[in-house]
Every structure is written in structure tokens, then in C-alpha cells.
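First comes the structure, then the notes that go with it.
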Amino acid sequence: MSDDHGTIESLSALAHDAGESYPPSPEFRAQANQNSSEIYLRAAADPEAYWAEQAQNRLTWKKPFTEVLDWTNPPFAKWFADGELNVAENCLDRHVANGHGDRVAIHFEGEPGDTRTITYAELTHEVKRAANMLASLGVTAGDRVAIYMPMIPETVIAMLAVVRLGAAHSVVFGGFSAESLRARIDDVEAELVITADGGYRKGRVSPLKPVVDQALELDDADGKPGTVKHVLVVNRGGNEVNMVDGRDLWWHEEITAYDGEHTAQGFPAENPLFILYTSGTTGKPKGILHTTGGYLTQVTTTFSDVFDIKPESDVFWCTADVGWVTGHSYIVYGPLSNGATQVMYEGTPDTPDWGRWWQLIEKYKVSIFYTAPTAIRSCMKVGRQVPEQYDLSSLRLLGSVGEPINPEAWRWYRDVIGAAKAPIVDTWWQTETGAMMVAPLPGLTSLKPGSSQIAQPGISIAVVDDDGNPVENGQGGLLVVERPWPSMVRNVWGDPQRFIDTYWDKFGDKYFAGDGARLDEDGDIWFLGRVDDVMNVSGHRLSTTEIESALVGHHAVAEAAVVGADDETTGQAVVAFVILKSQQHLITEAEAEQELRSHVASHIGAIARPRNVYVVNELPKTRSGKIMRRLLKDAAEGRKIGDTTTLADTMVMQLISDRVVAEREAK
Ligand code: WTA
């Protein structure tokens, strides 16, 4: 946390009205899964006993555990380590065995309007067949399989087939570039990549297989040869694709050879489940490692209690992509482990028009809906007349995730989508935490618009100052997790030192989340955004450093500084300031802007494409040469430039600020 990134004090200036609150209705409370606040006390009195109880009651173990938590070698935690289970069996077979085989697991809706209804029995059958297929391609326990897929049922089937065999998946979001995909494949040393020809986005098939081809053609990094032996391709869009002989196989051709007989074997609770990459404060994304028993325990518990799920009657819908942790935990593992019914939608919310989501809620009678503030703000902009054309009366609970939700968006969400009565659970968590950490329990918590409020039972959260001392109510500080939790990140894949340095160096045995937070007078938690070099654009984490290194990788760029500037719709937007190399007469400023925006998109992915690229002559630096991004953020957000006294050359900021203002006026 460098001093040039805005302080906790300035973040805390975000005011809120602590007086406004919405208690659960007596009817909601009466039917809620958790309706006695005794649960918090019981869990706090003995968190390990609480989690052991959840693990025992909510999951099926092949071999029961006798140890709960092993924290003898911090920060490397082990949960339920001598127990054995099969994650796929917990998500599938046991529901069929319990007589719920006919229950719908997934209502799939493709963007063009094609649909598939998949019951638990069918999903179990398909996963068993796919597991047999993967096994014959050589996948065994301990392997890693890369998955680069659109939002279609085969993605879920592929993930569950991998983990059924005791292997781990590394899902790469379909919006990432060939280069990003290759780096992730190399890092986990995957021998198999599962992909599709493409997936529908905004009315056309957005290609995936060509990106895999490109990724595999890139030069081997560090002289290490590529590891991929096979690419399994699902035919989603009927697009023409290039199939490399001996390497590439069509899923639909291969699968015909396999039947649905497959007995799930138990694997130790600390067996890797998945590796998911997330942006950190340095250029290289971190491979966040999760394991099976603890992860599934907390995901299953929070899905049930925070969303108040009744598997026999609710229809859940999470609009995230499976390529992000929200999709892993609350599309795949949480809903399926609980035996719930959910909607899975392939495309974008505005295809063919902004009514699509609401039409799907009406069509499938969705009762619990989970989305991100950025999406809510986009819908607000379009206007309430769109959702008002649909029957949304099936909705009984709404959720939010990905970034702080501003109270205005919260109220709109509740009033317009939730008929002024559906409770909203604002859930704070991270790729690293695996599952929800701070969130209301809807039958118990009086909701405050804009606050995630309270740690989940069995989770110890504190807001501390820079020295690790808890702050008083009314004060801001840094969010830490004080005790290990079941679904916590186990390691950074292949880099334990980075795991220690990133999360544990600052406060020793307390996990440092990288988020600023404030406690209100009641002790409720209000998140204030990241305190490090991580931006949050539309709920996606992007690293300042990673984008800067992509920019300086362009032949015309001498130096670059990137900031996350406030953006009405996306929360934050990427704004880049670049100095061009002086000998580059070939590129004009106007060309540079276009070119560099696409350059970043092709190197990292479209989500990282800068909103603005400003060509400047100099960057504001301290006398020791450190770039003062705080001042660039002021300029990018159109604010008065803050204290420039530590700058080596105070005129620089004036020039930059004039430049930004001139451009804004020109547009
Ligand atoms: C932010 C997504 C405020 C936060 C599940 C965190 C939030 C980062 C919230 C993790 C929320 C997520 N309120 N901020 N309800 N949810 N965040 O790893 O900054 O993609 O550190 O996980 O998103 O993003 P990630």
C-alpha cells in the first residue's frame, strides 16, 4: 500500500446514511433458514466446532475426518485433512441417490434462445461419461486441466468431470487473450485444454478455439516446452475451426464411446480442486489454489444460509461467468452441492435488448437473483420502464457481489427489481476467500443500503489500523481476517513465498485482504474499495502494473502509468497516461490512443482495454522517481489536483490536467 494511492481517510469520506435500515419482514423471518441470532454466538464460541458441524451435516464423506483445523504451519492451513470425499459426488450422485434425480439442475438458455433443461440424473450421467472420456485421455488425480469455455452446460460438466477424477481445473475466462491463456496453461502445466469453437455474445459467435490455437503457437516461455497434448473442443456455435491432427478432438465425437458408469472415488480433503488466476499488485497474475473439503463446506453453507435457499422450490440465478470465482462458487459448487435448481444464461444482458434478464426471470420464475452493482447501474441508466414490462413477482431475495454497491443502486434494485420488499444481501468475498465472508443473513439482519454489514457465522473479521490494532466504531481501516476459515486460499500456485508476502507479511497471522473498510456506529462493515494497485472494473479485478507492463511492451511507448478512475457505470475505469518514445514520428497522438487501447486488449483481454489513453510529455514523479498515481487519478476524475509539493517538477501536473480537461471538452 503505497502512499501515492489515496488514504483510508479520503476513502472514509464516502458518507452514508447510517440511519436507514430494513429489517426482515416477519413472514420472511419465519421461513428463513437461519432465524435465530444464536447462530452467531454459537459459531463465535467455537468456530472449529461450528465448521466441523457444517462439514458433517452438509457434505457426504467417503472417509470421515477426525481433525478439523491444522494451523501448526501458518499461513498454510489444512481443514478436515484426514477426511476423504468426492466433490462431484457431493454435487450430483448423492442428490440422485436421495430421490431428487428428476429435479432440474440447470435451465440453460443460450443467447440465440435455444434452451436445455438438465435434471440432476442427466447431469450426473453426463459428468460420469465425461469423466470416463477424460480418464481415457490420461487425466488422473493430481493433474491440472485448463478450461476455456463459453457459458454452456458442458463447461459445468467438464469442471465436474475433472474434479470427479481427483484432478484440478484451471478455468480461464473466455475474454482473456491468447497470451494470458498461454501463461495460465504454462503455469499449471496443463496437458489438456477443454474449449469450444466459440460462444454467443451480442448476436454472434465469439471465437474461442482460434485463441487456443494462437496460445499454443506462442513461443515457449523460459525455454520450457509447452505441456498441452490434447485440446477437446465442444461444438457450440457451428463455427468452422481448425483441428490439429492428433492433438485436437471433438467432444461430441469422443463422448459417444463412453457410457455413464463411473464410481466416484474419495480423495483427501486437501486435494487441489482448482486454480484460478487473479490480478495482484505486480504484473504476473497469481494462481489462487483451493482444495476440496473446506472449500465445499463453506460454499455449501453460505449458499444455503445467505441466499436462504429452499432447493425444492427456489430457482436461483447468478449472472456471473463461470470464468470468475463467483461462477465457480455460486454457479457450480454452491448450487449443485445444495441440490438447487438454477438458470444458466450464455449471453449478454442487452441481447437482443435490455429486457432479456427480466424476461428470463419471468420465464423461469427465478426466486433468487445474484448480480453485480455495475450491471444494476447499467440497468438503472436504461430505465425502470424496461423491467417494469415483466412479471418479476417470483423474486424473493436479491444478492450483490463484486464491488461496493452504492446506496442509490441498492434502493433501485430493491424497489424496481425486488418490488420494494425483497431483501438484498450484499456479499463481500474474494477469489482468495473462496466463499462469502461478510454478508447479511436475510432472516436476521436489518439491511443497510450500501453495507455488507456482518461477518458470516464462524468467520472472524476485523478492521484495523496500519499497525494491526482494531479501529473503533465510526473509524476506517484495513480489513483483515483474524482466524483461518475453511474455504481460504491454500497457496499461490508454485509460489509459496508470494502467498506469504502478499497476504501475511503485513499483519503476521491475520490475513490482509487488500480492502479498505469502515465500521459504522453499530459496528457494521462498509467496504471502501481496494487499498492497493488493484482496480475493480465492472467487478473484475485488474492490476495497474499488469496493464502498465502491457503498455510499455508496445514499441512506441517509453513510459506508462495507469489508474482506476471513478466511472458511473463500471465502478472504475482504466485510464492510462503514456509517454511516447521520441523517435516514434510514425504514430500520431490520435493513432496512439486507438492503437494502445487495442494493444492492451489483445495482450490481456478486452476487459482491460483502457477507457482513455492520454499521451503526455511527462509523468508526475517524486524526487525519488516514484510515479504519483494519486495525482493522475485526481486528473482522470476531473478533481482539483491534490498536494503536489513532493513532486520533482510541480508544473507537470498542470500540463496533464489541462490535457485531460481539453480532451473532455473536445468530446
Ligand atoms: C471487491 C469477487 C465491496 C473487493 C467475489 C474484493 C467487494 C474484490 C464486494 C474481490 C462487496 C467483492 N463489496 N467490495 N460486496 N465483493 N468486492 O477476487 O475489493 O474477483 O477484494 O472476487 O472485489 O474480487 P474477486
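The values are calculated or read from the model by the stated rules, or taken from the named source; none is laboratory data. Only a predicted model underlies this, so the values are computations on that prediction, with no experimental measurement involved. Note that we place each Cβ from the backbone using ideal geometry, even for glycine, and neighbour counts take in every protein chain shown. SASA here: full protein model, heavy atoms, side chains in, ligands and nucleic acids out. Shrake-Rupley method; radii C 1.70, N 1.55, O 1.52, S 1.80 Å.
Worth pointing out:
- Residue within region 610-627 that is open to solvent by 80 Å² or more (accessible area, probe 1.4 Å), within 24 Å of Glu403 (Cβ to Cβ), in contact with a helix residue (DSSP H, G or I) (Cβ under 6 Å, 6 or more places away or on another chain) and at pLDDT 90 or above present: no
- Residue in region 107-119 that is more than 15 Å from Tyr345 (Cβ to Cβ), in contact with an Asp or Glu (Cβ under 8 Å, 6 or more places away or on another chain) and modelled with pLDDT of 95 or more present: yes
Let's see how each residue does on (1) open to solvent by 60 Å² or more (accessible area, probe 1.4 Å); (2) at pLDDT 95 or above; (3) of a type in the set (Asp, Glu):
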{"residue": "Asp222", "(1), (2), (3)": "yes, no, yes"}
{"residue": "Pro225", "(1), (2), (3)": "yes, no, no"}
{"residue": "Asn235", "(1), (2), (3)": "yes, yes, no"}
{"residue": "Glu240", "(1), (2), (3)": "yes, no, yes"}
{"residue": "Met243", "(1), (2), (3)": "no, yes, no"}
{"residue": "Trp251", "(1), (2), (3)": "no, yes, no"}
{"residue": "Glu254", "(1), (2), (3)": "no, yes, yes"}
{"residue": "Thr278", "(1), (2), (3)": "no, no, no"}
{"residue": "Gly283", "(1), (2), (3)": "no, no, no"}
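- Of residues in region 174-193 being open to solvent by 30 Å² or more (accessible area, probe 1.4 Å) and of a type outside the set (Gly, Ala, Ser), the one nearest to Leu218 (Cα to Cα): Glu179
- Lone qualifier among Asp649, Asp567 - being of a type in the set (D, E, K, R) and open to solvent by less than 40 Å² (accessible area, probe 1.4 Å): Asp567
- Residues of region 463-517 satisfying the condition of being basic (Lys, Arg) and closer than 23 Å to Thr302 by Cβ: Arg483, Arg490, Lys510
- Candidates in region 400-425 are the residues that are within 15 Å of the chain's Cα centre (by Cα), modelled with pLDDT under 95 and not charged (D, E, K, R); of these, the one that is surrounded by the fewest Cβ atoms within 10 Å (Cβ to Cβ) is Gly402.
To keep it simple, each residue is scored yes or no on (1) at pLDDT 95 or above; (2) within 22 Å of Tyr22 (Cα to Cα); (3) in contact with a helix residue (DSSP H, G or I) (Cβ under 9 Å, 6 or more places away or on another chain).
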{"site": "Leu392", "(1), (2), (3)": "yes, yes, yes"}
{"site": "Leu398", "(1), (2), (3)": "yes, yes, yes"}
{"site": "Thr427", "(1), (2), (3)": "yes, yes, yes"}
{"site": "Ser446", "(1), (2), (3)": "yes, yes, no"}
{"site": "Gln453", "(1), (2), (3)": "yes, yes, no"}
{"site": "Val463", "(1), (2), (3)": "yes, no, no"}
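- Among residues of region 526-555 that are more than 17 Å from Glu432 (Cα to Cα), those with a Cβ under 8 angstrom from a residue that is modelled with pLDDT under 85 and near the ligand (Cβ under 10 Å from one of its atoms), sequence gap 6+ or separate chain, pair up as Glu546/Ser279.
- First in region 484-504 and surrounded by 15 or more Cβ atoms within 10 Å (Cβ to Cβ) and at pLDDT 95 or above, second anywhere and among the acidic types (Asp, Glu) and not in a helix (DSSP H, G or I), Cβ under 6 Å, 6 or more apart: Val489/Glu432
- Qualifying residue in region 630-637 (condition: part of a loop (DSSP other than H, G, I, E, B) and surrounded by fewer than 20 Cβ atoms within 10 Å (Cβ to Cβ)): yes
- Matching residues, region 530-553, being under 24 Å from Glu589 (Cβ atoms) and surrounded by fewer than 20 Cβ atoms within 10 Å (Cβ to Cβ): Ser549, Val552, Gly553
- Region 369-416, residues that are within 16 Å of the ligand (Cβ to nearest atom), outside any helix (DSSP H, G or I) and in contact (Cβ under 8 Å) with a residue 40 or more places away in the chain: Phe369, Tyr370, Thr371, Ala372, Leu397, Gly399, Val401, Gly402, Glu403, Pro404, Ile405, Asn406
- Selection status of Pro457, more than 16 Å from the ligand (Cβ to nearest atom) and open to solvent by less than 20 Å² (accessible area, probe 1.4 Å): yes
- Per the conditions (1) modelled with pLDDT under 90; (2) under 22 Å from Ser451 (Cβ atoms), the sole criterion not satisfied by Thr544 is (2).
- Each residue in region 417-438 was checked for being more than 7 Å from the ligand (Cβ to nearest atom), farther than 15 Å from Arg396 by Cα and outside any loop (DSSP other than H, G, I, E, B), and 1 pass.
- Among residues of region 95-120, those that are open to solvent by 40 Å² or more (accessible area, probe 1.4 Å) and assigned to a helix (DSSP H, G or I), counted: 5
- Checked against (1) without any contact (Cβ under 8 Å) to a residue 60 or more places away in the chain; (2) part of a loop (DSSP other than H, G, I, E, B), Thr351 passes all but condition (1).
- Annotation for region 586-598: at least one member residue is within 23 Å of Glu179 (Cβ to Cβ), assigned to a helix (DSSP H, G or I) and open to solvent by less than 20 Å² (accessible area, probe 1.4 Å).
- Test: residue in region 514-521 that is in contact with a strand residue (DSSP E or B) (Cβ under 8 Å, 6 or more places away or on another chain), in contact (Cβ under 8 Å) with a residue 12 or more places away in the chain, part of a loop (DSSP other than H, G, I, E, B) and open to solvent by 30 Å² or more (accessible area, probe 1.4 Å): no
- Set Leu41, Leu92, Leu59, Leu69: member being of a type in the set (A, V, I, L, M), at pLDDT 95 or above and more than 28 Å from the chain's Cα centre (by Cα): Leu41
- Against the conditions (1) part of a loop (DSSP other than H, G, I, E, B); (2) closer than 27 Å to Arg377 by Cβ; (3) within 14 Å of the ligand (Cβ to nearest atom); (4) touching a Phe, Trp or Tyr at 6+ places or on another chain (Cβ under 9 Å), Leu478 satisfies every one except (1).
- When region 316-360 is filtered for residues that are more than 16 Å from the ligand (Cβ to nearest atom), polar (S, T, N, Q) and open to solvent by 10 Å² or more (accessible area, probe 1.4 Å), the ones remaining, listed by number, are Asn338, Thr341, Thr351, Gln359.
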